[in-house]
Ligand SMILES: *[C@@H]1O[C@H](CO)[C@@H](O)[C@H](O)[C@H]1NC(C)=O
Ligand SMILES: *[C@@H]1O[C@H](CO)[C@@H](O)[C@H](O)[C@H]1NC(C)=O
């Protein structure tokens, strides 16, 4: 149908060219007329070139297979607890140039902090000292130089400590691991290849441990890996899953599927529900573990002011959400994904042409953190409107009175001394 339509245009165009050709082959009588002929031929050449490019682009398959997605409306206005402020600017950057993309954090009782970086490495932080624990994949010199090496080097996302002081790590490309933080010994618990229900994982992301040792985690997509996250977001598919893994038995279970890029998860204080971010559509879901609604989900927040990443419980019993990209201000245009969301053809065409790195231009350098109540009502927000301290926040981890702010790519670790 589509290609038939294309041929129709092509035939008309050829006819046009033919008519132009007749004109240009008409015998000329003076110099001016001959110049006109030359100009006409030149125009034909340009037209043919354009046609070739257009037909070429028409024939190249698009990397993505998008469905339309339309937000409920424009993002919420920035008032009340969402009002713009500069409270997120009152912090410091630690380990500048040494830690790149500390995505998620956990801590032990001795005050050590743990995190993983873009080069596939796991780190322990104690006060001002950074100690290498292990490399999740192969430790080759190219690790961290380009996203192309991530599937080889690994890329730790969610990290937590279990009851016996072992680190549990969700490596985006490789799988779930148990790592001994003292000597870096690691054991693969569940590989991405193995996956669940016959579908391999492509993008492990959020992680949470329950008190009985059950590991809850998300696979953001079964199609796109982390290095193709932009395609994942532009495509706006729903190929993500929330899963659980029992280390005792090795049993892995899909709790929810058909999710829109499920990302960070947080257990409620009583472990009666999990709060979960669906990044690509700016939504937060609740999945009930206990009570009459156990096994079901409800939508707590949609049409968010930005795209949520990790969710963490604070010591006040609130949920802290890092916003990876805001939705209310574009660098060039109004929020880009709002604009193109309804038009799969535009998305398909655009991803044929535009290199992924160029989309960074559209991302505003704006830091935003939300504090939510148990029903995801917005209680407070911290802003850094021009990225003075940080932006593209992946995690907000409270520890020892401080707040550590994660990111997927920035070359430092921002920290707030207090929530003020
Ligand atoms: C472990 O705890 C989680 C969360 O409270 C619960 O959903 C799960 O059923 C528990 N698993 C076992 C084997 O008791
Ligand atoms: C960002 O905003 C602060 C005020 O909040 C200002 O002092 C600073 O100069 C700004 N930086 C840039 C790069 O615009």
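Each row is one residue, and each column tells you yes or no for (1) away from ligand 1 (no atom under 16 Å from the Cβ); (2) over 21 Å from residue 158 (Cβ atoms); (3) crowded, with 20+ Cβ neighbours inside 10 Å; (4) at pLDDT 95 or above.
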residue	(1), (2), (3), (4)
275	no, no, yes, yes
292	no, yes, no, yes
327	yes, yes, yes, no
345	yes, yes, no, no
> Failed condition for residue 315, given (1) surrounded by 14 or more Cβ atoms within 10 Å (Cβ to Cβ); (2) in contact (Cβ under 8 Å) with a residue 40 or more places away in the chain; (3) more than 16 Å from ligand 1 (Cβ to nearest atom), with all others met?
Replying inline: (1)
>> Here's a check for you: in segment 242-253, which residue that is over 21 Å from the mean Cα position of the chain (by Cα) and part of a strand (DSSP E or B) is farthest from ligand 1 (Cβ to nearest atom)?
In response: 252
> Looking only at segment 99-119, which residues are closer than 18 Å to residue 153 by Cα and without any contact (Cβ under 8 Å) to a residue 60 or more places away in the chain?
Replying inline: 116, 117, 119
> Looking at 284, 234, which is the one that is in a strand (DSSP E or B), in contact (Cβ under 8 Å) with a residue 60 or more places away in the chain and within 28 Å of residue 71 (Cα to Cα)?
Replying inline: 284
> If the Cβ limit is 6 Å and pairs must be 6+ apart or interchain, which residue in segment 374-387 that is touching a residue at least 60 places away in the same chain (Cβ under 8 Å) and within 24 Å of residue 363 (Cβ to Cβ) pairs with which residue that is within 16 Å of ligand 1 (Cβ to nearest atom) and not in a loop (DSSP other than H, G, I, E, B)?
Replying inline: none
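Right, residue 181: closer than 30 Å to residue 357 by Cα and either in the same structural domain as residue 251 (by TED's automatic domain parsing) or surrounded by fewer than 23 Cβ atoms within 10 Å (Cβ to Cβ) (or both) or not?
No: the conditions fail for residue 181.
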> Do any strands (runs of 3 or more DSSP E) entirely within segment 51-147 hold 2 or more residues that are assigned by TED's automatic domain parsing to the domain that holds residue 181 and touching a helix residue (DSSP H, G or I) at 6+ places or on another chain (Cβ under 8 Å), and if so, which?
Replying inline: none
>> So residue 126 ticks every box in (1) surrounded by 15 or more Cβ atoms within 10 Å (Cβ to Cβ); (2) at negative phi but one. Which box is left unticked?
In response: (1)
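The values are calculated or read from the model by the stated rules, or taken from the named source; none is laboratory data. Keep in mind that this is a model prediction, so the values were computed, not measured. For neighbour counting, all protein chains shown are included, and Cβ atoms are generated from backbone atoms with ideal geometry for every residue, glycine included.
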